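Just so you know, all these numbers are worked out from the coordinates, no wet-lab data involved. Computed from a predicted structure; not experimentally measured. Cβ sites come from the backbone with ideal geometry, for glycine too, and all protein chains shown count toward neighbours.
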Amino acid sequence: MSPQEARGLRRTLYLAAFLRALAIGLMAVLIGLYAARLGLSARQIGVILSCALWGAALAALLTLVAGSRVHERTLLVSLCTLPVLGAAVFLAADDFKVLAAAAFVGMFNVHGRDRGAIPIVEQAVFPATVSDAERTKVFAWYNVLLDAGYATGGLLAALPALLEAFGLETLQAMRASLAIFCVLYGVAALLYARLPRSMSGVAPVRLGQLSPKSRPIVTKISLLFFIDAFGGGFIGSALLAYFFAERFGVPAAQVAVLFAVGRVLSAFSHLAAAWLAKRIGLINTMVFTHIPTSLLLFTIVATDDFFWAAFFFLLREAMNEMDVPTRQSYVMAVVEPQERLAASGITSLVRSCGWAMAPMLAGVMMTAGGLGLPLIAAGVTKISYDLLLWREFRRVKPPEELDPA
């Protein structure tokens, strides 16, 4: 594609991603609070969150299996339509089983970040629009826009409090606010419908067709990403919002502002990650910015004061996402162009499975062992992942880090 076409494609993907991020930020903060307002227990809320993530995992699997045979535009439009349907049912029901089924169909990204199947397609497309030297920068801007959307969406989660001031009952105010989720995903689907049918410029291969060189790389890194995602599943935004509300008794509006500020800090960190990766490499950036964020989880649990817990949370958010654009760029760099959709699909799938397994266990932990126990489990798991990642991949270099000689 021409440079002008590449820029136009990136801009459309950027805008659609921003709109989806608005919806995700809104849903992630309110879904747990909304379910609690319906009278559900912590264990039931954990099940609903897990169902949403298992729905995302199934979508990732179907994208991986069918991605080489279905046009990218069709995938993106379909994957935007299902959350609209799921959210409509979720807002119309109050039965636990129906809510769990709706969350599964809607594939809600309850961690507050886009963990669904859509990024599988987008991440495979972006490298075709840019050179190796600029690839990480493109992924950084992609994630800046996502985090800006998450932050703004988090602020929208304070809308129920505003609607209550105008006389709406709390549950009605939450439903009205969550209806915005459907609108935003619907507009994103319209944007995707304007794209070319195929955008990557190559014919994607299936997972079983990976080259002998790529297969062990994808296998190892997928297993490591599963460990990281399993740890992250204990501390999704919905569970953290529930933790702050229950541990410190803060209202939903205050939690929404806290998460919005955190998203802003995360957005700036992506550009810093691209700058740092050019100097110390992608793997070193992923590992040595990620370990401190896991250690900060222990400080959040240790404090009994909301101010200090919020401070440590924001400090963690300022570094927590620096491994995201570098991770995306690295995976797309160490495989062949025709293998990118398969590599993006399998790594996203195993991450979705890891995220989906943890919330249900986190709900049990909170009930049996205390609200802070899932945060401790997350910290230990994520540090283990970082150390293993550095050991296995510090010598596997992307093209831009290879010695020209």
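Starting from region 104-203, pick out the GluC sites (Glu not before Pro) whose DSSP state is loop and whose Cβ has at most 13 other Cβ atoms within 10 Å.
Numbers: sites: Glu122, Glu134, Glu164, Glu169; in loops: Glu169.
Loop-located and lightly packed - Glu169.
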Review point. Between Arg37 and Ala165, what is the label-to-label distance in nm when each label sits 7 Å out along the Cα-to-Cβ direction?
Key: 1.6
Check your understanding: How high is the FRET efficiency from Val380 to Leu190, r the C-beta distance, R0 51 Å, rounded to 0.05?
Key -> 0.70
**Study point:** trypsin sites (Lys or Arg not before Pro) restricted to DSSP loop in region 153-222 with at most 12 other C-beta within 10 Å
**Key:** Arg194, Arg197, Lys213
Practice item. Report, in deg cm²/dmol and to the nearest 500, the calculated mean residue ellipticity at 222 nm for the chain, where each DSSP H run with n ≥ 4 adds -39500 (n - 2.57) and the sum is divided by the residue count. Key: -26500 deg cm²/dmol
Review point. How high is the FRET efficiency between Ala302 and Val65 when r is their beta carbon distance and R₀ equals 60 Å, given to the nearest 0.05?
Key: 0.85
Review point. Setting aside same-chain residues fewer than 8 positions from Lys213, which lysines have a Cα under 18 Å from its Cα?
Key: Lys397
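Take the Cβ-Cβ distance between Trp275 and Ala93 as r, set R0 to 41 Å, and report the resulting FRET efficiency rounded to the nearest 0.05. Can you show the working numbers first?
Working: r = 47 Å, r/R0 = 1.14.
About 0.30, to the nearest 0.05.
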Check your understanding: Put a dot 7 Å past each Cα toward the Cβ at Thr219 and Gln172; how far apart are the dots in nm?
Key -> 6.0
Review point. When the label point is put 7 Å from the Cα of Ser2 along its Cα-to-beta-carbon vector, which residues of region 160-202 have a backbone N closer than 19 Å?
Key: 195-201
